[in-house]
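Please read the structure below before turning to the comments.
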Amino acid sequence: MEILKPNDLKKKFNDPWVAPYEKEITMVDGNTVELVEFHPCVSGSHWLMHQYKNSSELITNAYRDGNRHVFTCKVGKKPINLKASFNAAGIEEVSVKGNEVKIVHTGLAGAGVGAAMCRGMGDGVKRVELIEIGGGSKIGKAAVITPKMEKIVIGIDDTDTKDSGATWTMAHNVGMELKKEGFEYLDHIIVQLYPNNPHKTQNCVSIALTFAVLPENKEKLINRVIEILKRDTLSDKTAIAVLEGLKIPKKLREYAIKTKKGMMDIQTAENVAKKLNISLISVTGDQGKIGALAALGLYNDHEEAVKVYKD
């Protein structure tokens with residue numbers, strides 16, 4: 001076994017058949033690890049997603065968004081019986097030790113090249129334990145070690161007025177500003193709320209921003225979101241909600257669905273947040289708490305998030 005850092009790996013394997021991944025991120029919540037990786041190709045990575053889901057017992061959920069792969073994994077070890085075309089690649093070990101996450105990838109032929117060399121060249125990788133070098137018809141296997149991070153989802157609502165502004169754009173610009181400051185801005189989800197709400201500005205949506213963050217930087221991230229919104233919001237009703245971890249409580253999703261189907265009040269939002277230990281923060285006012293909390297309940301279900309319910 002050879003231990004290499006990403007730059008060492010790039011120097012050792014600068015062949016035209018090695019395509020470096022852009023980035024590797026791992027977020028941990030108990031015995032669950034969410035791996036987010038950015039593939040060098042866009043649609044070509046769909047084959048890889050199919051293989052990983054079929055071959056890996058440790059993967060409980062997976063989806064692709066462009067060249068971004070998201071794998072929800074269990075901590076454990078499950079060797080893969082590799083078989084060309086059918087079970088060509090996957091994850092056979094996930095472990096967390098201290099402030100690091102180790103994920104062992106394995107694959108045949110080209111999938112083995114991706115497992116052993118390509119991933120380890122991505123940003124966010126601390127080092128790679130190169131177990132077997134893939135290529136041709138050979139097996140490739142490597143452990144990719146990344147920092148242990150956590151997921152923070154921030155719901156935002158009521159930043160505009162009937163005369164100007166747009167919550168979805170302001171929320172995204174918050175994410176982009178934080179990205180420039182070094183935070184890992186992962187996603188932006190628009191959640192459709194009750195369309196007949198008399199308090200709406202127009203389309204009645206709230207936003208969920210997702211971040212991967214080192215544990216010691218969580219409070220800094222949340223405080224910066226509040227600071228930026230106070231600076232830029234056009235509304236006196238702006239609020240945020242903060243969900244930590246990888247799991248969405250059942251009661252939170254139920255609340256979100258109810259907020260899509262009918263009117264909800266501030267007191268109910270505050271009660272739900274309190275029961276679930278979710279931070280609900282008034283930035284310039286309380287009205288935004290309703291939609292901000294609802295955004296958290298559907299951030300991982302894009303189809304349901306955008307669905308419009310009629311009376």
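What follows is calculated from the coordinates using simple rules that are stated; it is not laboratory data. Keep in mind that what you see is a predicted model, and the values were worked out from it rather than measured. In this analysis, Cβ positions are derived from the backbone assuming ideal geometry, glycine residues included, and neighbour counts consider all displayed protein chains.
Worth a mention:
- For region 158-306, the relative contact order comes to 30 percent (Cα pairs under 8 Å, sequence separation of at least 6).
- Sum of -39500 (n - 2.57) over DSSP H runs of 4+, divided by residues of the chain (222 nm, nearest 500): -8000 deg cm²/dmol
- Local net charge near Gly107, Cβ-Cβ under 12 Å (Lys/Arg +1, Asp/Glu -1): +2
- GNM top mover of Asp158, Asp286, Asp65 - the chain, alpha-carbon springs below 10 Å: Asp65
- Relative contact order (%) - criterion: Cα under 8 Å, at least six apart; region: the chain: 16 percent
- Cα-based helix-to-principal-axis angle, 218-232 vs the chain, degrees rounded to 10: 50 degrees
- Pairs of alpha carbons in the chain whose separation is greater than 24 Å (percent): 55 percent
- Taking His105, His46, His69 and counting other C-beta atoms within 10 Å, the order from fewest to most: His46, His69, His105
- Computed over the alpha-carbon pairs of region 158-306, the distance histogram in 5 Å steps reads 2, 10, 21, 25, 22, 14, 5, 1, 0 percent, short to long.
- Between region 253-311 and region 135-189, the Cα center-to-center distance that results, in Å: 20 Å
- Its alpha carbons give region 1-107 an Rg and a Dmax of 14.0, 40 Å.
- Nearest 10 degrees, 0 to 90: helix 266-275 Cα axis against the chain principal axis: 40 degrees
- Short-range pairs are left out: with C-alpha atoms under 8 Å and at least six residues apart, the relative contact order of region 2-148 is 26 percent.
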